[in-house]
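Input: a single structure, listed below in structure tokens.
The values are calculated or read from the model by the stated rules, or taken from the named source; none is laboratory data. All figures in this text were calculated on a predicted structure; none of them were measured in a lab. Note that each Cβ is placed from the backbone with ideal geometry, even for glycine, and that neighbours are counted across all protein chains shown.
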Amino acid sequence: MAEAWISVSYSSYATQPYSEDDLQALVARSRAHNSSVGVGGILRFTSGRFFQVIEGPRAAVSTLLARIVKDVRHEHMHFSRIERTGRRQYADIPMLFDCHAGTGERYGLRGSVHPCDDNWHAGAKHG
């Protein structure tokens with residue numbers, strides 16, 4: 001029997017300022033790790049807030065979430081969806097990244113900051 005797949009969605013608030021370089025480094029590390037464990041998903045950052053969907057084998061997603069929950073770079077996690085899924089919505093993509101500039105000065109963002117990945121759509125296969 002094939003391992004169960006799950007999809008988890010959550011949001012959280014950044015506890016520190018994030019520059020373009022900070023976000024790019026976070027995404028690069030996440031992509032490398034996610035590829036190695038068969039997990040995919042999407043990360044969105046806007047006005048000091050993270051929104052993420054993580055999908056993959058239940059064991060791998062559970063292990064990753066245990067690390068994410070303990071990460072001090074964000075707080076006030078709110079899980080909006082946890083469900084079993086029969087297929088990946090973001091097939092073959094270890095982490096899509098999207099962001100929108102905001103005025104959240106609390107998070108070190110200034111109006112024109114737009115630290116987005118040029119490859120946001122990078123071959124995404126949406127189901």
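Under 8 Å between Cβ atoms, at least 6 apart or on separate chains: pull out the pairs that start in segment 32-43 with a residue that is under 10 Å from Ala60 (Cα atoms) and end on any residue that is surrounded by 20 or more Cβ atoms within 10 Å (Cβ to Cβ) and of a type in the set (D, E, K, R).
Final answer for the pair search is Val39/Glu55.
Which residues, counting only those in segment 64-99, are at positive phi and at pLDDT 90 or above?
Residue satisfying the conditions is His76 alone.
State the number of residues belonging to segment 4-23 that are among the aliphatic types (A, V, I, L, M) and assigned to a loop (DSSP other than H, G, I, E, B).
Qualifying residue count for the region: 1.
Suppose we keep only residues that are surrounded by fewer than 15 Cβ atoms within 10 Å (Cβ to Cβ) and of a type in the set (A, V, I, L, M, F, W, C) within segment 1-36. Which one would you say is nearest to Gly86 (Cα to Cα)?
My answer is Ala4.
Which one is nearest to Leu23 (Cα to Cα), of the residues in segment 39-61 that are small (Gly, Ala, Ser) and touching a strand residue (DSSP E or B) at 6+ places or on another chain (Cβ under 8 Å)?
The qualifying residue nearest to Leu23 (Cα to Cα) is Gly48.
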